Amino acid sequence: MDSLSGFTVFVQVAETRSFVAAGRALGISASAVGKRVARLEEKLGVRLFHRSTRSIAMTAEGTLFLERSRRILAEIEATELELSRTAGAPRGRLRVSLPLVSSLVLPVLADFMAEYPEIELDLDFTDRLVDVIEEGFDVVVRTGQLSDSRLSARRLGAFRLLVVGSPAYLERHGVPRRPADLADHACLHYRFSNTGKLEPWPLRRLPGEPEPHPWSATTSRHGCASLCVAEG
């Protein structure tokens with residue numbers, strides 16, 4: 001910041017050819033202007049101005065440095081303007097990882113894009129365990145507990161799991177009345193892509209039900225056809 005202040009003072013002196021006029025424009029004393037220019041010259045190891053009791057003239061090094069300083073200050077000003085506009089209206093690229101089952105998210109994407117037209121959405125649909133930081137994601141939507149303490153999380157909502165079957169299947173094979181009946185049905189389990197394990201159905205064991213649970217993904221009981229679905 002001290003260097004940037006030196007650039008500003010230098011440019012003002014170069015444009016006004018006066019320490020007094022530069023100090024007046026910057027709201028500081030002429031002696032303070034002279035000290036900052038002297039510190040800048042000492043840091044650069046060159047003389048920027050030829051000084052006399054009546055006038056100030058730029059050296060060849062000063063002329064070269066003036067061009068670069070103006071460019072630097074203009075870039076900083078443009079960056080500040082861009083950031084101030086961003087604060088008023090969100091813009092830029094937003095990289096989001098969403099689960100494959102995204103029926104809750106897809107309906108609102110059109111509304112989001114209409115409300116924030118300056119945001120470029122980069123959507124990645126996957127159920128794998130992503131590395132938010134290493135893979136450069138801004139937002140990740142997942143279920144379960146947060147395991148990475150480097151991240152901040154916000155609860156979006158809750159959901160329930162249901163055991164369902166198509167009417168045609170239930171007509172052919174009958175309707176299971178209790179969890180143990182599932183051992184005689186073709187069951188669909190989800191396979192976690194990062195571990196290869198099957199996700200068990202979290203059903204409560206009724207009094208008198210045998211162990212292990214026949215509906216558990218870890219069970220391999222005769223007559224239970226488990227159709228394993230992995231991430232494609």
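The values are calculated or read from the model by the stated rules, or taken from the named source; none is laboratory data. It should be emphasised that the depicted structure is a prediction, and the values quoted were computed from it without experimental measurement. Ideal geometry is used to build each Cβ from the backbone, glycine not excepted, and the neighbour counts take in all protein chains shown.
Some observations on this one:
- Residue match in the stretch 57-72 (condition: touching a His at 6+ places or on another chain (Cβ under 7 Å) and not in a helix (DSSP H, G or I)): yes
- When the test is whether a residue is within 30 Å of Ala186 (Cα to Cα), at pLDDT 80 or above, part of a loop (DSSP other than H, G, I, E, B) and out of contact with any helix residue (DSSP H, G or I) (no Cβ under 9 Å at 6 or more places or on another chain), Ala153 does not pass it.
- Residues considered: Ile56, Ile72, Ile28, Ile76. Of these, the only one that is among the hydrophobic types (A, V, I, L, M, F, W, C), modelled with pLDDT of 85 or more, in contact with a Lys or Arg (Cβ under 7 Å, 6 or more places away or on another chain) and outside the structural domain of Val130 (by TED's automatic domain parsing) is Ile56.
- Just one residue in the set Glu135, Glu120, Glu80 is out of contact with any His (no Cβ under 7 Å at 6 or more places or on another chain) and assigned to a strand (DSSP E or B); that residue is Glu120.
- Total residues in the stretch 44-81, condition surrounded by 15 or more Cβ atoms within 10 Å (Cβ to Cβ) and hydroxyl-bearing (Ser, Thr, Tyr): 1
- Flag for Phe7 being modelled with pLDDT of 90 or more, in contact with a helix residue (DSSP H, G or I) (Cβ under 7 Å, 6 or more places away or on another chain) and over 30 Å from Met113 (Cβ atoms): no
- First in the stretch 121-138 and under 16 Å from Thr195 (Cβ atoms), second anywhere and hydroxyl-bearing (Ser, Thr, Tyr), Cβ under 7 Å, 6 or more apart: Thr126/Ser97; Asp127/Ser193; Arg128/Ser193; Val130/Ser97
- Of the residues making up the stretch 102-120, those that are more than 13 Å from the chain's Cα centre (by Cα) and farther than 26 Å from Ser193 by Cα are Pro107, Val108, Leu109, Ala110, Asp111, Phe112, Met113, Ala114, Glu115, Tyr116, Pro117, Glu118.
- Top-ranked residue in the stretch 112-157 [being surrounded by fewer than 12 Cβ atoms within 10 Å (Cβ to Cβ) and among the hydroxyl-bearing types (Ser, Thr, Tyr); ranked as nearest to Ala89 (Cα to Cα)]: Ser152
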